[in-house]
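K.L.:
One structure is given below, represented as structure tokens, and several questions about it will come after.
The values are calculated or read from the model by the stated rules, or taken from the named source; none is laboratory data. If you're wondering where the values come from, they're calculated on a predicted model, not measured in any experiment. Positions of Cβ are generated from backbone atoms using ideal geometry, with glycine treated the same way; all protein chains shown enter the neighbour counts.
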Amino acid sequence: MSGGGGPVGVPPFTPGYRASGVLLHVTSLPSPYGIGDLGSAAFSWIDFLHSTGQRWWQVLPVGPTGYGNSPYQLTSSFAANPMLISPDSLISEGLLRTEDCQGQFADDAVDYDAVIPFKNRLLEMAWMNFKAGACKDLRPAYDEFREQQDHWLDDYALFEALKTRFHGEYYLDWPEEFVQRRSDSLNAARRELADQIGQICFGQFLLFRQTDQLKDYAHSKGVKLIGDLPFFVSPDSSDVWADPELFLLDERHHPRFVAGVPPDYFSAQGQLWGNPVYNWDAQRATGFRWSIDRLRALLAHVDVIRLDHFRGFAAAWHIPAEAATAQSGQWVSGPGSAFFEAVQKELGSLPFIAEDLGFITSDVYALRDQFQLPGTRVLQFAFDGHADNPYLPNNFVSNTVAYTGTHDNPPTREWYEQLPEYQRQNFWNYLKRTPGASEEAAPLLVSLTWSSNAALTIAPLQDPLNLGAESRMNIPGKATGNWRWRSPGNMASHQAFRWLRDLTEMSKRVEPEKIDEAGKLEGSGVASALGSLP
């Protein structure tokens, strides 16, 4: 869609388009099973978005997580996370009994050490019941799924089965014949691990079914889904193991260079991510087939993809694998416009949001604008006192997705409490208001975001709920304790959402016919974008 066409609501946003949404990862949804999933709470959440006039739900990457339970360290670019399977759906389909799913879990945070074995046990039971004849009508669909997804599913399932056999070790520490993928060893392992492989494939089949059902329901409510694609893949993933030629590795399959970023807003020493970097020459020789398949796989589940670390398509920070910090890296050119031309030819459109944060150079903006991709603006970065700060709303272009903050930022209430005094004063000066209390910061920043001319505005759920440090999702550079926050179960009764609906109407981010259809909430009509607070 680099010509600017395409349906309204799919980037690039057409002139005059205005909408809003909420960022909430699936794991953060309420659930009695210790972690948010694709079950009834997700459907209720879509109802809730619809009732408050929100037309977009943004989630973090939904693939199977590895190190640190991070959704940005996935063991596959194509698979979904088995922790997101809804036990209630398996009960309703006859694959599990209610008594199979009993457990005691905290409501406010994900305890991965408890949840992972619990969910794995449920999946094992569902697989055993399926093999024993439960839900026979699913067998043809399961067989068809395995055949259709074979281009990635076989390698992924074997990778996960081998990882279990080798007690979760990094695949480079497996016996050499498996690291080097010797065909006789792989074939023997497929025979020996056939049942485990079948269970892993069955889990993916269930996940894809539940995801399809959720997407169809969202569309029926006028809600579209924004997915998130990490630019790099995890070093310990089936992606690298199955296709080593696509990455800059040595003869032992160890990375020669790893990814990261130089010093920036989040880290004075830069960030050393450790992901292997791409061999773009090898990808270019195949017409970027693997990367296009990766995009196509995610687009089966969502409507638009946030391209994380978009600047990597122009140039990425390559750090020698032996380096202790990210400071010794250098910029190396990425695939550039040739990549997006190939994607557009293959997919017919470019339904992407460019995450163009951090250290951005003119070539990154040129690449973004060449294909009319909406960029990203975060208002928490706006108040350094410089009038030309690109995150100030008066500097936005309309083809923009504006956020109060992201999953890497503190909730706005915590952000405000941590601000240097001069930036607090800049914040109030920009709003033309007398300085107020910290509990005013989040609703004011949401209001400021919604009143901007950005085509799409997004707030993490923590901000409409006006939550603080206890609700932070991720602290960049902190290896443990992230990705645990869960939303309260009584969201529907929270007064903030009456205010959010009012704000969305007043900001003209609700389709007019939807306002009439849903009916105005009592007391609607906010005096100004920076007025009524929850």
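K.L.:
State whether the residues of the range 222-230 include one that is surrounded by fewer than 18 Cβ atoms within 10 Å (Cβ to Cβ), touching a Leu at 6+ places or on another chain (Cβ under 8 Å), touching a residue at least 40 places away in the same chain (Cβ under 8 Å) and in a loop (DSSP other than H, G, I, E, B).
P.N.:
no
K.L.:
Considering every residue within the range 332-350, establish whether at least one is polar (S, T, N, Q), touching a strand residue (DSSP E or B) at 6+ places or on another chain (Cβ under 7 Å) and either exposed (fewer than 15 other Cβ atoms within 10 Å of the Cβ) or free of Cβ contacts under 8 Å to residues at least 24 places away in the same chain (or both). It would help to see each step written out before you state the result.
P.N.:
Of all residues in the range 332-350, those polar (S, T, N, Q) come to 333, 337, 344, 349.
Still in the running and touching a strand residue (DSSP E or B) at 6+ places or on another chain (Cβ under 7 Å): 333.
Those left that are additionally either exposed (fewer than 15 other Cβ atoms within 10 Å of the Cβ) or free of Cβ contacts under 8 Å to residues at least 24 places away in the same chain (or both): 333.
The answer is yes, given that some residue of the range 332-350 is polar (S, T, N, Q), touching a strand residue (DSSP E or B) at 6+ places or on another chain (Cβ under 7 Å) and either exposed (fewer than 15 other Cβ atoms within 10 Å of the Cβ) or free of Cβ contacts under 8 Å to residues at least 24 places away in the same chain (or both).
K.L.:
Can you tell me how many residues within the range 125-157 are under 27 Å from the mean Cα position of the chain (by Cα) and in contact (Cβ under 8 Å) with a residue 60 or more places away in the chain?
P.N.:
8
K.L.:
Which members of the range 429-457 meet the condition of being farther than 19 Å from residue 377 by Cα, in contact with a helix residue (DSSP H, G or I) (Cβ under 9 Å, 6 or more places away or on another chain) and not in a loop (DSSP other than H, G, I, E, B)?
P.N.:
438, 439, 440
K.L.:
Looking at the range 271-281, can you tell me whether even one residue there is of a type in the set (Phe, Trp, Tyr), at pLDDT 95 or above and under 24 Å from residue 225 (Cα atoms)?
P.N.:
no
K.L.:
Tally up the residues in the range 125-167 that are buried (at least 16 other Cβ atoms within 10 Å of the Cβ) and in contact with a Phe, Trp or Tyr (Cβ under 8 Å, 6 or more places away or on another chain), please.
P.N.:
Of the residues in the range 125-167, 15 are buried (at least 16 other Cβ atoms within 10 Å of the Cβ) and in contact with a Phe, Trp or Tyr (Cβ under 8 Å, 6 or more places away or on another chain).
K.L.:
Moving on to the next point. Check the range 259-267 and report whether any residue there is surrounded by 15 or more Cβ atoms within 10 Å (Cβ to Cβ), at pLDDT 95 or above and either within 29 Å of residue 324 (Cα to Cα) or within 22 Å of the chain's Cα centre (by Cα) (or both).
P.N.:
Yes, the range 259-267 contains a residue that is surrounded by 15 or more Cβ atoms within 10 Å (Cβ to Cβ), at pLDDT 95 or above and either within 29 Å of residue 324 (Cα to Cα) or within 22 Å of the chain's Cα centre (by Cα) (or both).
Residues are listed down the side, and each one gets a yes or a no for (1) surrounded by fewer than 17 Cβ atoms within 10 Å (Cβ to Cβ); (2) at pLDDT 95 or above; (3) over 25 Å from residue 23 (Cα atoms):
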| residue | (1), (2), (3) |
| --- | --- |
| 367 | no, yes, yes |
| 377 | no, yes, no |
| 395 | yes, yes, no |
| 404 | no, yes, no |
| 410 | no, yes, no |
| 427 | no, yes, no |
| 440 | no, yes, no |
| 444 | no, yes, no |
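K.L.:
Since residue 163 meets every condition but one in (1) farther than 24 Å from residue 87 by Cα; (2) not hydroxyl-bearing (Ser, Thr, Tyr); (3) not in a helix (DSSP H, G or I), which condition does it not meet?
P.N.:
All conditions pass for residue 163, except number (3).
K.L.:
Could you tell me which numbered condition residue 483 fails, if it satisfies all but one of (1) crowded, with 19+ Cβ neighbours inside 10 Å; (2) on the phi < 0 side of the Ramachandran plot; (3) at pLDDT 95 or above?
P.N.:
(2)
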